[in-house]
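The block underneath contains the structure these notes are about, expressed in C-alpha cells.
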Amino acid sequence: MNVLKTIFIFFLMLHCIVVFSQRAMIKGVVNDDKGMPIPMATVALKNTTYVTETSEKGEYELKGIPEGNYTIVALSLDRALTQQEIIVDENIVIINFTLREASKVLDEIVVEATEEKTLGISRLNAIDNFGVYEGKKTEVIVLRDITANTATNNARQIYSKITGLNIWGSDGAGIQLGIGGRGLSPNRTSNFNTRQNGYDISADALGYPESYYTPPAEALEKIEIIRGAASLQYGTQFGGLLNFKLKKGPSTKKVELTSRQTIGSWGFYGTFNSLGGTVAKGKLNYYTCYNYKTGNGYRKNSEFDYHNAYASVNYQITPDLLVNVDVTKMYYLAHQPGGLTDRLFDQDPKQSLRNRNWFKVDWNLFAVNLTYKFSSATQINIRNFGLVASRQSLGNLERITVADFGEDRTLIGGKFQNFGHETRLVHRYNLFKKQHAFVAGFRIYRGTSYAKQGNGNNGTGPDFYFLHPEDLENSDYKFPNENYAGFIENIFHLSRKLSITPGLRFESIRTYSTGYYKQVVYDQAGNVVVSNTVPEEQSRKRSFLFGGIGASYKHSENTEMYANISQNYRAINFTDLRIANPNFVVDPNIQDEKGYTADLGIRGNIKDVLKYEATLFYLAYKGRIGQVLRTDTILYNDYRFRGNISDARNIGIESFGELVISKLLNPSYEWTWSLFVNAAIIDAKYVNSQDASIRNKKVEMVPPLMLRTGSTFRYKSFSSTLQFSHIAKHFSDASNAKRTATAVEGLIPSYNVVDLSLRYQWKILTLEASCNNLLNEKYFTRRAESYPGPGIIPSDGRGFYVTLQLKL
C-alpha cells in the first residue's frame, strides 16, 4: 500500500502544478496549390512537441507557445513538406501554408518531419502506414531518444514506458524477446501479432505464433504497440500488435557507416555495423546491417553465439510508385543450463545441473512491398512476405529433481515454411461537409509446420540429429494451414472533436495435422511394457465474422478521451499437441479461444510539462487455454494438464505520466530533466470454472502490480537514465500452487531491479555505458515446464556493458 500511496501523491502533485509564463497561439490555414483546404494535414514546430492536425476546413491552432524563434513545418499525405522560420513575440501569430505535390511518398516525409526530439515515447496518428488507429490505445517507442542498453536488447529498459507489460528477464543477451500485456503470457511474445516493417515474423501466425527472432534494437527506428483493438486489422490475437520498424538509410547522404563495439560482463562481446544512404538522384534508399553477439552467460553452461543480417532497398520507380525489398537472416546456437528448484536457487542462482542441453535457431525472412498513390486521397499497399525457418532443442527434458545419468537425449525439431500476402487500401473522402477515411484490406496466408520428436545421441555437444529418423520414438507430424481474411475500418468524423470508428473482419481458417505419435508404457524399473504407434489425421475448418467499434473525443488540442471494444479470437497451437513432455499433458480435445477486449482511456499533454495517459481495460476469455496441476491416478505423480481449463477475465488500469521538470522550472534551459511513472494494477481471475482446483483462482503470470519509474537527464551531447522496476509476486500456474518439489509450479516472488545507462556523443564518436541490475537483485521471472528448464530460470545479476560507436 505504501507504493500505491506514493503513486497517488505523485500524480496529485503533478495535477496541482501551475505554470506562469507568457504563452502565444499560432494559427492559420493549409491549402493546396489550387487554393483548396487540406484537412488532416500535420503542422508542427521543429525540435518541440507542439504538433496538431488541420480541421476539415484546413484550419489549425497551436496553443501555449512560449516566446522565441521557431521553425514551423506543414505536411500532408501526398504533399511536399513546407517549412519557414518564425518569431513568436505576440499573443497570436498567423501563418498560412500552400502545399504542393510531393516527389516522395508519405513514409519518407514522415521520417523527415519527425526528427525533433521526443521523450522516447509517442503514439500513432489516426491513419498511419495503412492502418487505422483512431480511438485505440497506441504506443510508439522512439529508439533514438531513449538512453538504454540496446546492445543487449534489454527489454526492461527499452519497454519501460509501455504500460501493462510483464517482461521475462531470462535472456540476458536479448536474443529472444518475452513480453505479455494485460495479463497474457510473455512466452516468446506469442500473444502479440509480431511483425517487422508490417509483415509477420513469427514461426506460424496460426498454429505456432511464437517469435524466436527479435530484431536487434540497434537497428530499430521505432517499436509500435497497438493493444487488443488491433484484432480487426491484424487478425486472431488477444494482446494486440507489436511491430518493429527498422531504420532506413539517411536521405541526405549517399553513404553512412555506423559501427558499434560492445564488451560486457560474463565475456559478452557484440558488434553492430550498418551501411545506408540514398543514391540515384534520391530515388534509391538502402540500408543493411550485421549484428554478432557472443558470451558465456550469467550461469554455467549458458554460452551463446548469435548472428543477424538485414538488408532493405526502397526504390521510387515513379513519383507515385514505391517498391521495397527486405531480406533477414538470423542464426544462433545457445547452451542451456536448465532450471533450478527453489532450494537450489536460494543456494546459488548461477549453478547449473544440466550441461547437455542445447538450442539452435535458423530464421530467414523475405518481403516485397509496393505502395502506389492513385490520387491525393487514395493509396494502396501490397505486402508479400515469406519465412523459411527452423528451431531445434536437444537435451534432458526430465524434471530437475531427476539426475542426468547420460542417457540418450530428447531432440525436438521444428521447421516452418509460410507465405503471406496482404493488400491494404486507404481512402479519404468528404461526406456532409466533413472528411472521413477508411482502410480496407484482405489477407492470404499459407503455412506448413513440421514437428518431430525422438531420441538424440547421448553426448554432451550440440549434435542435432535423430538416432532413428525413419522411426522416431515420440512423434512425427506435419501441420498445413490456410487463412483467408478481409477487413474494413472507417473513421467517421461526427464533429471536429468527436469521431467513431467501426470495423468488421471476416476470417476463414483451415488447419490440418497428419502424422503419428507413440504410446509407450514403462514399468517401475524403466523397462518398456507397451509400445504402440498411433497414426493420426485431423482437419479443422472454421469461418467467422467479428467486429468492433471505437470512439475518440478530442476535448482540446492536448486532451483526448477514447473508448473501444473489439472481439478477439485465437487459434489453438497444433504444434504443441503432440510434444511428449514428462512435465505436462495436453488435452486432445483442446479448442480455440474466443473473447473480447475493451478500453476506456484519457491521454493528454499539459503545456509540454506533463504528458499523461490512463486506461481502464477489460479482457474476457471464453475457454482460456491454461495449465493446472493434477495427479496421475495410477502412479500418483503430479503433472501439468494443458487445455481449455476455464473462462477468465482480466480487468485493470494502466497509467503513465512524465513530468519535464526542466520546462517547469524554466523553458529556456539548455538541459532537460524528466521523471516518469508507469503503473499497472491488474485483477485476473478464472470464472465459470467446472474445476474446483482453479475456481475463482488467480490467472497465472499476472502480477497484480507492475511499477516502473525513472529519471532522464540530458545536457547537450550527454544523457543518462536511472530506472526502477517493481513487479509484485504472482503465480506460475492456474491452481495457484505456492511451491512444489519440481519447481515447475509455484510463486514468482516480487522483485525490484534498478538500471543505469549513460551516453555521451563527441563528433563522430559516441560512448555508452550501462549497469543492468545495479543493486544485484537475486530474482527470477519464470518457471519453465520445458526448455530451457524445467524449473526456475534465474535472471541475470549485476552486469556492466560499454559501447563505442563510430558514425561516418
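Below, the figures for the structure above:
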item: 1.4 Å probe accessible area per residue over the range 535-574, in Å²; result: 47 Å²
item: D (Stokes-Einstein, µm²/s), Kirkwood Cα radius, the range 485-550, 0.890 mPa s at 25 °C; result: 145 µm²/s
item: Rg/Rh (Cα only; Kirkwood hydrodynamic radius) as it applies to the range 278-381; result: 1.30
item: 11 Å beta-carbon shell around ASN308, net charge (K/R +1, D/E -1); result: +1
item: P(r) weight above 21 Å for the range 682-790, C-alpha pairs, percent; result: 55 percent
item: Calculated SAXS-style log₁₀ I(q)/I(0) at q = 0.15, 0.16, 0.18 Å⁻¹ - the range 333-473, Debye, Cα scatterers; result: -0.84, -0.90, -1.03
item: Euclidean distance between Cα centres, the range 255-278 to the range 668-700, Å; result: 36 Å
item: Using alpha carbons only: equivalent-ellipsoid semi-axes of the range 445-564, gyration tensor based, whole Å; result: 54, 19, 14
item: DSSP bridge pairs, the chain: antiparallel proportion in percent, nearest 5; result: 95 percent
item: Charge sum, other residues only, whose C-beta stays under 11 Å from TYR686's C-beta, Lys/Arg counted +1 and Asp/Glu -1; result: +3
item: Solvent-accessible surface (1.4 angstrom probe) belonging to ASP346, in square angstrom, nearest 10; result: 90 Å²
item: Helix 2-15 axis, angle to the chain major axis (alpha carbon atoms, nearest 10°); result: 10 degrees
item: Three principal axis lengths of the chain [C-alpha, angstrom, descending]; result: 90, 54, 52
item: Positive minus negative residues near TYR801 (Lys, Arg vs Asp, Glu; Cβ under 13 Å); result: 0
item: Shape parameters for the range 420-494, alpha-carbon atoms, Rg then Dmax in Å; result: 24.8, 75
item: Average accessible area per residue (Å²) across the range 109-245 - probe 1.4 Å, nucleic acids and ligands excluded; result: 17 Å²
item: The chain, relative contact order [Cα under 8 Å, separation at least 6], %; result: 10 percent
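The values are calculated or read from the model by the stated rules, or taken from the named source; none is laboratory data. Quick caveat, the model's predicted, so the values are computed rather than measured. Glycine gets a Cβ as well: all are built from the backbone with ideal geometry, and neighbour counts include every protein chain shown. Just the protein is used for accessible areas: all its heavy atoms, side chains included, with ligands, DNA and RNA removed. Shrake-Rupley method; radii C 1.70, N 1.55, O 1.52, S 1.80 Å.
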